[in-house]
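Novice: For reference, the structure I am asking about is given below.
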Amino acid sequence: MNGTLHRTFTVERMLPGSPRHAFRFWSDQALKRAWTDCHADWTVLEERFDFRAGGDEVKRWRMPGGETLSFRARYFDIEPPRRIVYAFDMAFGAARQSVSLATVELFAAGGETRMLFTEQIAFLGGEEALRGRVAGTAEGFDRLVSVIAAGRAGVQ
């Protein structure tokens, strides 16, 4: 049996455009899907997106093997275009995998935006699975950079 692993990790990325522009990729459901929907063979079973303080976001998928994965978040603090604070949990089937507090900060940096994502996680699996989760978070933000860069022409 694995114990609970408590970690704090950060991921920093430089995003094309202003903080106002970068913030849209968190606050607009269609733009957020563009960088978070990364498994074309997964079926969305449930989806809700209420981006406001006190609002929630829910996504539940069925993977090709029949397993389900879910993400449930509650937004606590939103200060456009500079900060988002939310708590979330992730579950594989009926087993909760993690519970986290996340903070997204966006800072103007010349013509770009410095994004700093900090996650405080209580991970309920093993160390190897936690390393995979942290790596997956970083890969997601690489997709965010690519999606923003692909649509960059003339957008502030």
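Novice: Could you state the number of Å between the C-alpha centres of segment 1-52 and segment 58-93?
Specialist: 8 Å
Novice: What spacing in nm lies between the two simple spin-label points modelled at Asp89 and Ala109, each 7 Å away from Cα in the Cβ direction?
Specialist: For Asp89 paired with Ala109, the spin-label model returns 3.4 nm.
Novice: Using a 1.4 Å probe and counting only protein heavy atoms, arrange Trp42, Trp26 so the residue with the most accessible area comes first.
Specialist: Trp42, Trp26
Novice: Once you have a ≥ b ≥ c as the square roots of the Cα gyration tensor eigenvalues for segment 1-72, tell me rounded if a/c is under 1.5, and otherwise prolate or oblate according to whether a/b is larger than b/c.
Specialist: Oblate shape, in that a/c is at least 1.5 and b/c is the bigger or equal ratio.
Novice: Next question. Rank these by accessible area, largest first, 1.4 Å probe: Glu128, Glu105.
Specialist: Of Glu128, Glu105, the descending order of accessible area is Glu128, Glu105.
Novice: Another question, if that's okay. If you count only protein heavy atoms and use a 1.4 Å probe, how large is the accessible surface of His39, to the nearest 10 Å²?
Specialist: His39 exposes around 80 Å² with every protein chain in place.
Novice: From the phi of every residue in segment 40-46, what ³J(HN,Hα) in whole Hz does the Karplus formula 6.51 cos²θ - 1.76 cosθ + 1.60 yield, where θ is phi - 60° and glycine or proline is x?
Specialist: Working through the residues one at a time gives 4, 8, 8, 9, 6, 9, 8 Hz.
Novice: What FRET efficiency comes out for the pair Gln120/Arg82, r = Cβ-Cβ distance, R0 = 22 Å, nearest 0.05?
Specialist: 0.70
Novice: Another one. In nm, give the distance between the simple-model label positions of Glu139 and Thr43, each being 7 Å from the Cα along the Cα-to-Cβ direction.
Specialist: Inter-label distance under the simple model: 2.3 nm.
Novice: Quick one: how many Å² of Thr8 are accessible to a 1.4 Å probe, rounded to 10?
Specialist: Counting only protein heavy atoms, the figure is 90 Å².
Novice: Can you give the accessible area of Arg133 in Å² (nearest 10), computed on protein heavy atoms with a 1.4 Å probe?
Specialist: For Arg133, solvent-accessible area is about 40 Å².
Novice: Any chance you could run the full-extension gain for Ala30 through Asp56? It's 0.36 nm times the residue separation minus the Cα-Cα distance, nm to one decimal.
Specialist: So the chain would gain 7.8 nm between Ala30 and Asp56.
Novice: While we're on this one: Rounded to the nearest whole Å², what accessible area per residue is found for the chain with the 1.4 Å probe?
Specialist: 52 Å²
Novice: I need the helices of the chain that pass two filters: whole DSSP H segments spanning 15 Å or more by Cα along the axis, and mean Kyte-Doolittle score no lower than -0.5.
Specialist: Helices meeting the criterion: 127-150.
The values are calculated or read from the model by the stated rules, or taken from the named source; none is laboratory data. Everything quoted here is computed from the prediction, not taken from an experiment. Glycine also receives a Cβ, built like all others from the backbone with ideal geometry; neighbour counts cover every protein chain displayed. Just the protein is used for accessible areas: all its heavy atoms, side chains included, with ligands, DNA and RNA removed. Shrake-Rupley method; radii C 1.70, N 1.55, O 1.52, S 1.80 Å.
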